[in-house]
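The values are calculated or read from the model by the stated rules, or taken from the named source; none is laboratory data. For clarity, every value in this text was computed on a predicted model and none was experimentally measured. Cβ placement follows ideal geometry from the backbone for every residue including glycine, while neighbour counts extend to all protein chains displayed. Protein only, heavy atoms only, side chains kept; ligands, DNA and RNA dropped before computing areas. Shrake-Rupley method; radii C 1.70, N 1.55, O 1.52, S 1.80 Å.
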Amino acid sequence: MVRYTSERGPEEQALLQELALQEVLANRKKSRRKGSTALRWVLPVLCAGVAVFCLWYGQRMRSFGRDQMSTAFFAFCVVYVVLAVWTLPPVRDALTKAGTRIAMRRQLRSSPMTDDGPIEYCFTETGVETVSAHSRTTNDWSVYRCWGETGQYLYLRMPTGGVSVLVDRARLSPEQEAELLGLLAALPKEEM
């Protein structure tokens with residue numbers, strides 16, 4: 001049996017957020033179909049084509065002395081260039097990642113489990129008991145999908161992808177760490 005008490009500070013909060021974000025992005029990549037990669041480039045190429053046409057047609061209108069029409073087509077050209085850049089897959093992925101990160105940060109701030117109160121974990125052969133100011137839960141090892149390590153931290157991942165247990169290895173004695181790793185051996189290890 002290993003007992004561990006933790007207070008989730010800013011470093012732990014940031015790590016939990018990063019681990020959850022990695023899971024969301026990994027699931028999003030898995031859900032994309034193989035043929036959709038080519039389709040993701042259709043809209044930017046189409047927008048770039050329309051922008052080139054607007055630029056060419058605007059020049060043509062200017063040569064005929066229709067400056068107002070020319071200006072309108074140049075404005076359309078700028079709009080379509082912006083659309084082409086905005087719909088590029090790398091730009092779209094970066095915007096999606098930023099939006100997901102902001103939403104997760106808001107969710108973590110509003111969660112009662114993010115209070116500064118201590119959380120105590122008790123790791124046994126049957127599972128993990130978690131005690132905080134808000135709850136007391138006992139989960140069998142079968143509840144957890146996998147475990148992993150990042151830097152000096154060990155974590156347990158739930159089937160939904162969230163990380164529910166975060167352990168700082170630096171705060172464990174060598175005997176506790178060995179015992180905990182022995183208990184975690186029953187679960188698959190997540191490779192990052």
Fill in the blank from the handout: Being part of a helix (DSSP H, G or I), exposed (fewer than 15 other Cβ atoms within 10 Å of the Cβ) and in contact (Cβ under 8 Å) with a residue 40 or more places away in the chain narrows V45, V85, V78 down to just V85
Handout entry: Residues located in the range 131-151, provided they are more than 18 Å from I119 (Cα to Cα) and touching an Asp or Glu at 6+ places or on another chain (Cβ under 6 Å)
Key = C146, G148
Completion exercise
How many residues of the range 1-19 are buried (at least 16 other Cβ atoms within 10 Å of the Cβ) and under 26 Å from T124 (Cβ atoms)? The answer is 8
Exercise for the section: Could you please let me know if W147 is of a type outside the set (G, A, S), more than 16 Å from M1 (Cβ to Cβ) and touching a strand residue (DSSP E or B) at 6+ places or on another chain (Cβ under 6 Å)? Expected result: yes
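Here is a yes/no grid of residues against (1) on the phi > 0 side of the Ramachandran plot; (2) at pLDDT 85 or above; (3) open to solvent by 50 Å² or more (accessible area, probe 1.4 Å); (4) more than 18 Å from the chain's Cα centre (by Cα):
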| residue | (1), (2), (3), (4) |
| --- | --- |
| M104 | no, no, no, no |
| R109 | no, no, yes, no |
| S132 | no, no, no, yes |
| R136 | no, yes, yes, yes |
| G148 | no, yes, no, no |
| Y155 | no, yes, no, no |
| T160 | no, no, yes, no |
| Q176 | no, yes, yes, yes |
Problem - Boolean, R62 is among the basic types (K, R) and touching a helix residue (DSSP H, G or I) at 6+ places or on another chain (Cβ under 7 Å) - result: yes
